[in-house]
Structures are given as C-alpha cells and as structure tokens.
C-alpha cells in the first residue's frame, strides 16, 4: 500500500477537468519517479508469476495503454506494483488529437468517456522516453514493458499499414511485447481494420516485417492485437482465425465501447467517444469468453475493461483471460487497486 492514501487526493483531482487532472497526475509522476518522493506512491509487487508468449510476467495485473501515451512515466507507474506496463498509443508523427473538451467523467457509473484521438508527441519522442526508463535495469523481477502502436489521423486508412510498420520498426528493439491498436473508436475508420480482409492484410504485413526485425535484432518480440468489445460472435471468430493464421502471439480484449446502454440518462452519456470503466465489464468478458472458445486453451489473452475491484479482476480470469489490465479503475479506486487485483487473482486459483 502506498504511503499517500488516494482518498485524500481524489476529491481534489475530481474537482478539476478530467484531462487537466490527468495531465497534472502524469506531470507529478514524471517529476518524482526518480526521487525519494516516489516512496509516497510506490507499493510492493505481488508475486504471482506466469509465462505467456515466451515472457515471464511477475504478476497478472498490468497497466492498460492510454494513461501514459508518451512513455514519460514508465518508472513511476512500474512502482505501483504492476506486473507489466503498457504505454502508448504512439503514432509515427506527433499529433494533437481531437478538440477539447474530450474527456468526461460519469461518476455515478464509475465510467469515463474519452475521444482523445491518439494525442501524442510522435515516435521519436516516445522512443527517447522509453530509453530513459530504468526499471528493467534493477535487480529482481521487473515488470514487462508493452509498447502500443497506431496510425496518424491524417494517414488515409488505405495507407494505415505503413504507419504501423514505421512504429513497429521504431519500438521493436525496446519492447518486451508490442500491441497493435486497431480498436480505438476515436480515429476515423480505424475499427475498419478489424474487418476480415483489412485485418488479414495488416497482420500479414506485420508478420513479414517481424521476421525481418527478428533477424536484424536477434530477438523475437511477441505481438498482441487490441480489439473492440463491440463485436458479435461471428466477427470474434474471424479475428481469432486471422490472429492464428499470421502467428500473432496474443490478443488484448478489449478497448472502449461505443455502446451507451449502461449509462443512458446520465450526464455526459451522449458525448462522442469510447466509454470505459464499470459498464464495459460484461461486454469485455463476453468477448474474452468467445475468444477463448475460438482460440483454444493456450493462446494468450490480456483481459481489460471495467475492473474496479479484485472480484472484477477475477471475473476476467474466469472468462478466459490469462492476465488483466486496468486504467479507469485507477482513476476511481486509486493505485491500491493494483495490489488488490493481483492478490485476488492469486488467491482465486
């Protein structure tokens, strides 16, 4: 448990605009992560190792991409007790994202809506920040580092593959695993890449480039694909078959949802963007279960979406996930959720 109770900080943060609170938190982490002040939020890491895709995860709870888009706070976030930390999404060129306001709290539902749109400082700045992180150089079982890649908003969807390959080339030497994000609802037409022919073409090119990079760098970096919760069973089966056909190493299920069924009538519920938090839990678990049925017992699944408690984390494992990620739960419950979820999963087996 961290020294600084989140219950003291939350009222102040929730009094700010959501994006302002996010920027303030990340700036504070960036400033303090290599100083003694980091002791205020660092926590013991639960030991519950598992091997997936040839990687040894120190425990089964990770940070989902999106919180640290520019990889500025890797060391600070790693200190919260995560077994793995995923940063990004990064695009080849810097871009501002969508106009503000673009992040909204729905506290009655323990939820967020965001339409940030892959706002980030670009690939070169991202890699420079990754190279400055030090947590993997420390003794003991270090968290794994996932690097999440996407396409620029200005890149036509027919040229999206080029952006993904550019990012893959850049992040490959520095990643424990790479996640290909084709499921954000906030970049125009991006989710079209989940369709049969488009996904087949994209993953085919990524698989080819990975073979080249494996020879070039002398290591084979696992590649995961992040999908949406807004898929029917037939679409999930097509995606599962395509993942296996192109020898992808795992799947991240799921991203945010476009559905508003669980939040109808609440303030901000009709804002455009992806809904995350508690309302996504059931849909995410449904997709995880369908993926597990389609992929078989051994294909790695990272479950994400709606984890607000240890019990929620366990539900992801029971649905078929091997490990889980959290993001919105951190905002509502604070960093202690990491340890609670890791312990609950460990005790459930």
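What to note about this one:
- Residue match in region 310-322 (condition: surrounded by 20 or more Cβ atoms within 10 Å (Cβ to Cβ), within 18 Å of residue 61 (Cα to Cα), at pLDDT 95 or above and within 14 Å of the chain's Cα centre (by Cα)): no
- Verdict on residue 272 being surrounded by fewer than 23 Cβ atoms within 10 Å (Cβ to Cβ), at positive phi and part of a loop (DSSP other than H, G, I, E, B): no
- Matching option when the condition is part of a loop (DSSP other than H, G, I, E, B) and under 29 Å from residue 273 (Cβ atoms), among 159, 148, 186: 186
- Filtering region 213-228 to residues that are part of a loop (DSSP other than H, G, I, E, B) and surrounded by 18 or more Cβ atoms within 10 Å (Cβ to Cβ) leaves 221, 222, 228.
- Only one entry of 137, 151 meets the criterion of being out of contact with any helix residue (DSSP H, G or I) (no Cβ under 9 Å at 6 or more places or on another chain) and more than 20 Å from residue 23 (Cα to Cα), and that entry is 137.
- Residues that are touching a helix residue (DSSP H, G or I) at 6+ places or on another chain (Cβ under 6 Å) and part of a helix (DSSP H, G or I), drawn from region 331-349: 337, 340, 341, 344, 345, 348
- Strands (runs of 3 or more DSSP E) fully within region 41-129 that include at least 1 residues being in contact with a helix residue (DSSP H, G or I) (Cβ under 8 Å, 6 or more places away or on another chain) and either surrounded by 24 or more Cβ atoms within 10 Å (Cβ to Cβ) or modelled with pLDDT under 95 (or both): 61-63, 84-90, 111-114.
- Count - residues of region 22-40 that are exposed (fewer than 13 other Cβ atoms within 10 Å of the Cβ) and either under 21 Å from the mean Cα position of the chain (by Cα) or in contact (Cβ under 8 Å) with a residue 40 or more places away in the chain (or both): 2
- Criterion: in a helix (DSSP H, G or I) and in contact with a strand residue (DSSP E or B) (Cβ under 6 Å, 6 or more places away or on another chain) - qualifying residue of 252, 287: 287
- Index of the failed condition, residue 232 passing every other in (1) in contact with a helix residue (DSSP H, G or I) (Cβ under 8 Å, 6 or more places away or on another chain); (2) under 17 Å from residue 286 (Cα atoms): (1)
- Meets criteria (part of a helix (DSSP H, G or I) and in contact (Cβ under 8 Å) with a residue 24 or more places away in the chain) for residue 210: yes
- Residue 231 under 30 Å from residue 278 (Cβ atoms), out of contact with any strand residue (DSSP E or B) (no Cβ under 8 Å at 6 or more places or on another chain) and buried (at least 22 other Cβ atoms within 10 Å of the Cβ): yes
- Qualifying residue in region 193-203 (condition: touching a helix residue (DSSP H, G or I) at 6+ places or on another chain (Cβ under 9 Å), modelled with pLDDT under 95, in a loop (DSSP other than H, G, I, E, B) and surrounded by fewer than 23 Cβ atoms within 10 Å (Cβ to Cβ)): yes
The values are calculated or read from the model by the stated rules, or taken from the named source; none is laboratory data. Worth saying up front: this structure is predicted, and the values here are computed from it rather than measured. Note: ideal-geometry Cβ built from the backbone for every residue, glycine included; neighbour counts use all protein chains shown.
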